[in-house]
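Engineer: Quick one: the structure is below, and I'll ask about it shortly.
The values are calculated or read from the model by the stated rules, or taken from the named source; none is laboratory data. Nothing here was measured: the structure is a model prediction, and the numbers come from that model. Cβ placement follows ideal geometry from the backbone for every residue including glycine, while neighbour counts extend to all protein chains displayed.
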Amino acid sequence: MQQKDYAGQIHRCFRCGYCKFPTDYSSFNCPSYRRFRFDSYSTGGRLWLIYAWLKGEIEWSEHFAEILYTCTTCKNCTEQCPMKFAPDIVDWIVGARSDMVEKGKIPPRVARFFEAVYGYGNPFKQLRSDRAAWANGTKKYAAGDEYLLYVGCLGSYDENGQKMARSLVDILNASGISFGILGEEEECCGNEIYMLGETGLFQNLVEKNCQKFKELGVRKIVTLSPHAYNTMKNNYPAFGGSFELCHYTQLLNDLIEKNKIKPSRAKAKVTYHDPCFLGRYNNIYDEPRQILQSIPGIELVEMERNRRDAFCCGGGSGNFVTDLLAGSADSPARVRAREAYETGADTLAVACPSCLTMLTDAVKAEDLDDKLAVKDISQILEELLSAK
Amino acid sequence: MSDVYEALQKIVGEDYVSNRAEERYFYGRDPGLMPPHEPDYVVMPKTTEEVQEIIKLANREKVPVTPKGGGLALTGLVIPLKGGIVMDMKRMDRILEVNEKARYVVVEAGVTHGALKSYLQKHHPHLRHSIPDSPPIATIVANAVIHGQGRLSQQHGFNSDMVSGLEVVLPTGELCRIGSCSVSSYWFSKGAPLPDLSGLFLGWFGTTGIITKLGMKLYPCKKIRDVMLFLTDKAELVSEVIRKLAHTEMVEDIVVTAQPIPLRFKGNFYILLYITGDSEEEIEFKKKMAWEALMVYFKSRDGGFVSVTPDVKPSFLAMPSKDTTRFADVSKGGGFEYSGPIAPIDKYPAYLEKLEELASKYKLFYSSAARVIDGGHSMMFSFSYTFNRANPDEMKRAKVALDEAAEFALEEDGVIWKPNINEQQMVMERMDPNTLMLMKKVKQLLDPNGIMNPGNWEVK
């Protein structure tokens, strides 16, 4: 974590603007710059403003805080920045956010996000006792189970996320592997809390989760969300988290390869949206595509921006709740929905509950919902297993 | 002034105008060393009509207007020296037409070099434009306005020489077309056979109007592109090497680099030759011609071709070159600036000596990339120095070194490229008085209220 040193490094940004683009420069790939178009909302703008704030050349303001928090930490800038410090950029932004949190100077929507997680253990202010309301009798994790299925806040409370979780549970049940969930004992994974800069709360959540995993003797975890996968993979080990980890698309791909699940024939033209926390953060690009390609009758077509150049849906860094990029046809999810539609696909496949919600809403806003179905890969697969 | 803000909101919509401290801060400076000055408003028009409305408003209210593209000139040309409105053109981002046979493209003012490159590769892969080594956010229009150079400048001159027509909002709000497009639906010429009025706008840094559309000539994009590297340790030979290579008319682009680090570079001059062809035979023939042209240096042991290994070739071939931008992080400080005189190629040794002398005197990292222009009629020689933005003393030293470099370049008969306001004054002090008077008259005629990017090309 480079956060602590960000103040001593952040002046190195030359504001050259490579961070705005995908690899082929065809369009703007920074979600907040694409949405607002002032240079101040690009990564270079953000870094220069943070440096100005540190030097006292600008005062804190709600607008400044919003500029900082409209970054979805999608890591496009990290991919495109030509400088040696490129891998540290997101940590610098998170570092600045941490300073803002410590000073109590954050946008009201972000403050409400934190308050909800402090008070309820989730950003939706839903009751902890309802955390497993989606589960429909799914068994709780017990000693001897091979996998702990970590569902996360969106899978537990969000309508789309719940559908996704139920689909995954059905598939896992059909595959015969042993697994269980934590139900109401599950804590928020903390990925968004970390990205939003609340390091104290993040540490508290990680420690609770690690303790819980240890108590239960969890050795393998499969996550529904790429966000949870990311933080458990990259942050938890520093706090003693010790377990095998996979995202559900990795597990399902493995089950298909081993013939433990076998989808029936479909007839669909599908395009796949890479979630940032699966793709750019963890280099998982192939498994979701392999699942889709394993389904007979599915034609997989790529959007112009895919894999490391995928355009973020705008949901990262808690924006699926704070929604700081909403309200425009230039909102990232709407731009992405149009891009998916332009491929001629009838189905937009995702592998993340945040992307699922963001893009489902966007397709409706674009009035494309009767032309383009947004489905998680688990939902696509589950439908085909049911049809078998 | 709040009336201006509200009027701007009415013109472009409230999402695309700001008077907030953050935008004013960012748009009040560039990555170079010129002192900042903040605008009162930043506005982002989408259409030519909106640009016209903003200009009319600015005239009514006597508010300065500074148009801005990528903002990468590094010499403060889009710093609004007298406040007012910064007009960020990047929302005007449509590529309007590609004429395959007449080989030109018509773009709006905010189209970036990156976007055009990508568009041509996808839709017209046998055509290309002259891509500068500035980052891909540099806009076609702004680059032409500052007489930028690119990867085709050795063959075809400044990027502004490749302009094939303009649509301009005059400082008083009228819309005007320049070149063949003023009488025809084709954008094939910026001037001939008409009086060439493009000179009223190109090179003026937005002080005589705002270009809203621009035609740019396109050139064949050959199937194969390769690079050769000629190395010599004798600065005095560089201009003759260039002359011999240009004489072959086989080389697309020639760039001469000099830098002290890594150590293997110190004291050596790397002459990069770019060769293109539609077949291996064409490439081999061109390489042979280049090789034969420089054989004399191989025989005298004054230089020779060096193998370009596969690990470095992609970075040499990249357009734009990310290595150019990476120079800003050499001293881990986020800054570099260069003074780039346009000069005869035989000035290379003198300029190089000065570059090194100033670097030593002011304890700075240096680099130079000299790009050959128009068959060797001239070159752009960059006196580039890095600086650390967290080190005010180093910034001051870099600024003094650049000032001295500019002074020297002028003394040595160069003409400063995209000069900052101080350098503009240095240039105008040396200028023929009647030329200066003509410039003054042109400006007064076109911009009677003096609202356009004031401070630049200001004849005192």
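Engineer: Filter region A:214-229 down to the residues that are closer than 29 Å to A:ASP91 by Cα and either surrounded by 22 or more Cβ atoms within 10 Å (Cβ to Cβ) or in contact with a Lys or Arg (Cβ under 6 Å, 6 or more places away or on another chain) (or both) and list them by number.
Structural biologist: A:ILE221, A:VAL222, A:THR223, A:LEU224, A:SER225, A:PRO226, A:HIS227, A:ALA228, A:TYR229
Engineer: Please state which of the following conditions A:ASP24 fails to meet, knowing it meets all the rest: (1) among the charged types (D, E, K, R); (2) more than 14 Å from every other protein chain (Cβ to nearest Cβ); (3) in contact with a helix residue (DSSP H, G or I) (Cβ under 6 Å, 6 or more places away or on another chain); (4) surrounded by fewer than 21 Cβ atoms within 10 Å (Cβ to Cβ).
Structural biologist: Tallying (1) among the charged types (D, E, K, R); (2) more than 14 Å from every other protein chain (Cβ to nearest Cβ); (3) in contact with a helix residue (DSSP H, G or I) (Cβ under 6 Å, 6 or more places away or on another chain); (4) surrounded by fewer than 21 Cβ atoms within 10 Å (Cβ to Cβ), A:ASP24 fails exactly one: (2).
Engineer: For B:ILE54, which of the numbered conditions (1) hydrophobic (A, V, I, L, M, F, W, C); (2) crowded, with 17+ Cβ neighbours inside 10 Å; (3) under 23 Å from the mean Cα position of the chain (by Cα); (4) more than 11 Å from chain A (Cβ to nearest Cβ) fails to hold?
Structural biologist: Result: B:ILE54 passes all but (3).
Engineer: Return the residues of region B:409-446 that are touching a residue at least 60 places away in the same chain (Cβ under 8 Å) and surrounded by fewer than 16 Cβ atoms within 10 Å (Cβ to Cβ); say none if nothing qualifies.
Structural biologist: B:GLU412, B:ASP413, B:VAL415 - these are the residues of region B:409-446 that are touching a residue at least 60 places away in the same chain (Cβ under 8 Å) and surrounded by fewer than 16 Cβ atoms within 10 Å (Cβ to Cβ).
Engineer: Pick from A:TYR6, A:TYR33: which is at pLDDT below 95 and either more than 7 Å from chain B (Cβ to nearest Cβ) or farther than 14 Å from A:SER331 by Cα (or both)?
Structural biologist: Only one candidate passes the filter, namely A:TYR6.
Every residue, every condition in (1) at pLDDT 95 or above; (2) closer than 28 Å to B:GLU49 by Cα; (3) part of a strand (DSSP E or B), yes or no:
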site	(1), (2), (3)
B:ILE79	yes, yes, no
B:LYS82	yes, yes, no
B:VAL105	yes, yes, yes
B:GLY114	yes, yes, no
B:SER118	yes, yes, no
B:GLN121	yes, no, no
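Engineer: Does region B:5-15 contain any residue that is buried (at least 20 other Cβ atoms within 10 Å of the Cβ), within 14 Å of chain A (Cβ to nearest Cβ), within 22 Å of B:ASP447 (Cα to Cα) and at pLDDT 95 or above?
Structural biologist: yes
Engineer: Which pairs turn up if I take residues in region B:223-237 that are among the small types (Gly, Ala, Ser) and look for partners that are part of a strand (DSSP E or B) with beta carbon separation below 9 Å, at least 6 apart in sequence or on another chain?
Structural biologist: B:ALA235/B:ALA258; B:ALA235/B:PHE269
Engineer: Residues to consider are A:ALA349, A:ALA329; find the one that is among the small types (Gly, Ala, Ser) and closer than 28 Å to B:GLY13 by Cβ.
Structural biologist: Unique residue meeting the criteria: A:ALA329.
Engineer: Which members of region A:220-229 meet the condition of being aliphatic (A, V, I, L, M) and part of a loop (DSSP other than H, G, I, E, B)?
Structural biologist: Listed by number, the list holds a single entry, A:LEU224.
Engineer: Pairs only if they're at least six apart or on different chains, beta carbon under 9 angstrom, first in region B:102-122 and within 8 Å of chain A (Cβ to nearest Cβ), second basic (Lys, Arg) and part of a strand (DSSP E or B); list them, first residue then second.
Structural biologist: Matching pairs, first to second residue: B:LYS117/B:ARG128; B:GLN121/B:ARG128.
Engineer: Which of the numbered conditions does B:LEU355 fail, given that it passes all the others? Conditions: (1) of a type in the set (A, V, I, L, M, F, W, C); (2) crowded, with 20+ Cβ neighbours inside 10 Å; (3) assigned to a loop (DSSP other than H, G, I, E, B).
Structural biologist: (3)
Engineer: Of B:GLY71, B:GLY28, which residue is within 27 Å of B:ILE421 (Cβ to Cβ), crowded, with 20+ Cβ neighbours inside 10 Å, within 14 Å of another protein chain (Cβ to nearest Cβ) and of a type in the set (Gly, Ala, Ser)?
Structural biologist: B:GLY71
Engineer: Please go through region A:37-52 and pick out each residue that is assigned to a helix (DSSP H, G or I), surrounded by fewer than 24 Cβ atoms within 10 Å (Cβ to Cβ) and touching a residue at least 40 places away in the same chain (Cβ under 8 Å).
Structural biologist: A:TYR51
Engineer: So is A:ALA351 touching a Phe, Trp or Tyr at 6+ places or on another chain (Cβ under 9 Å) and assigned by TED's automatic domain parsing to the domain that holds A:TYR272 or not?
Structural biologist: Taking the combined requirement at face value, the residue satisfies it.
Engineer: Please pick out the residue among B:PHE265, B:PHE269 that is under 23 Å from B:ALA350 (Cα atoms) and surrounded by 17 or more Cβ atoms within 10 Å (Cβ to Cβ).
Structural biologist: None of the other options fit; the residue is B:PHE269.
Engineer: Residue under question is A:TYR18, and the condition is that it be within 24 Å of B:THR139 (Cα to Cα), more than 21 Å from the chain's Cα centre (by Cα) and free of Cβ contacts under 8 Å to residues at least 12 places away in the same chain; does it hold?
Structural biologist: Here the answer is no, as A:TYR18 does not meet what is asked.
Engineer: Got a number for residues in region A:44-58 being within 17 Å of B:GLY335 (Cα to Cα), more than 7 Å from chain B (Cβ to nearest Cβ) and of a type in the set (Gly, Ala, Ser)?
Structural biologist: So the answer is 1.
Engineer: A further question follows. For a quick check of your reading: which helices (runs of 4 or more DSSP H) sit entirely within region A:58-139 and have at least 2 residues that are over 19 Å from A:PHE38 (Cβ atoms) and not assigned by TED's automatic domain parsing to the domain that holds A:SER26?
Structural biologist: So the answer is A:108-120.
Engineer: For region B:362-422, list the strands (runs of 3 or more DSSP E) that sit wholly inside it and hold at least 3 residues that are small (Gly, Ala, Ser); which are they?
Structural biologist: So the answer is B:366-373.
Engineer: For the condition surrounded by fewer than 18 Cβ atoms within 10 Å (Cβ to Cβ) and either in contact with a Gly (Cβ under 6 Å, 6 or more places away or on another chain) or charged (D, E, K, R) (or both), what is the one hit in A:ARG109, A:ARG131?
Structural biologist: Selected residue: A:ARG109, the only one of A:ARG109, A:ARG131 that is surrounded by fewer than 18 Cβ atoms within 10 Å (Cβ to Cβ) and either in contact with a Gly (Cβ under 6 Å, 6 or more places away or on another chain) or charged (D, E, K, R) (or both).
Engineer: Say we look at region B:135-146 and pick out the residues that are farther than 14 Å from A:CYS19 by Cα and in contact with a Gly (Cβ under 7 Å, 6 or more places away or on another chain); which of these is nearest to the other protein chains (Cβ to nearest Cβ)?
Structural biologist: Going through the qualifying residues, I end up with B:THR139.
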